[in-house]
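Reading through the C-alpha cells given below for one structure.
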Amino acid sequence: PQTCSCDDGYGGENCQYPVCFGFLANNTLVCNQNGTCVAPNNCNCTTGFQHSQCQTPVCFDIPGNHSLSCSAHGLCNSPDVCICHANFVGEDCSIPVCFGKNASDP
C-alpha cells in the first residue's frame, strides 16, 4: 500500500488537511469549534470570536478577555452574552442595581 509522508503542518491520508494547534482541519475540535483551519496553525474565526485559536468571544465589539468587556462588570461568556457580576444588570452589565432597584428604572 502507498503511504504519504506529509509536510509539516499537514495530515490526513493524502496530506489534504492542514493542522491547527494539534488538530486536523476536519476534526470537530479544531479552532475551539469556533472557526475553520485554513492553513497550518491559521484559524479563520466565525463571527463573534477572535485570537489565534478562536478562543475568545467578543461582547459588544470588545474581546472577552479585555478588562472593559461587559462594561467591566461581568464575564463575556459567548458572543454578545454577558454574565453580570452581582448588583449589575443589562445586556452588557452596564446598569447598576442599588437597593434592589435598577438605576435605569424611573
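The values are calculated or read from the model by the stated rules, or taken from the named source; none is laboratory data. The model shown is predicted, which means the values in this text are computed figures rather than measured ones. All Cβ positions, even for glycine, are placed from backbone atoms using ideal geometry, and neighbour counts span all protein chains on display. Side chains included, ligands, DNA and RNA excluded: accessible areas come from the protein's heavy atoms. Shrake-Rupley method; radii C 1.70, N 1.55, O 1.52, S 1.80 Å.
Quick notes on this one:
- Solvent exposure of Leu29, expressed as accessible area, is near 90 Å², computed with a probe of 1.4 Å over the protein chains only.
- In terms of its C-alpha gyration tensor, the chain comes out prolate, because a/c is 1.5 or above and the ratio a/b outweighs b/c.
- For the chain, relative contact order (Cα pairs under 8 Å, six or more residues apart, normalised by length) works out to 12 percent.
- Accessible area per residue was computed with a 1.4 Å probe on protein heavy atoms; Tyr17 scores about 70 Å².
- Of all accessible heavy-atom area on the chain, the percent that carbon and sulfur account for (1.4 Å): 50 percent
- Protein-only accessible surface order, largest first, of Ser5, Ser69, Ser94, Ser78 at 1.4 Å: Ser5, Ser94, Ser78, Ser69
- Residue-wise HN-Hα couplings along segment 39-45, as the Karplus relation 6.51 cos²θ - 1.76 cosθ + 1.60 with θ = phi - 60° gives them from phi, are 6, x, 6, 9, 8, 9, 6 Hz; Gly and Pro carry x.
- Shape category assigned to segment 36-78 from the gyration tensor of Cα positions, a/c cut at 1.5: prolate
- A probe of 1.4 angstrom, applied to the heavy atoms of all protein chains, finds Ile83 with accessible area near 90 square angstrom.
- Chymotrypsin sites (Phe, Trp or Tyr not before Pro) restricted to DSSP loop in segment 17-106 with at most 13 other C-beta within 10 Å: Phe99
- Seen from Val81, the other residues with C-beta closer than 13 Å to its C-beta sum to a net charge of -3, counting Lys and Arg as +1 and Asp and Glu as -1.
- Within the shell of other residues whose beta carbon sits under 13 angstrom from the beta carbon of Cys59, the net charge comes to -4, with Lys and Arg scored +1 and Asp and Glu -1.
- Rounded Å value of the spacing that divides the Cα centres of segment 60-106 and segment 23-58: 27 Å
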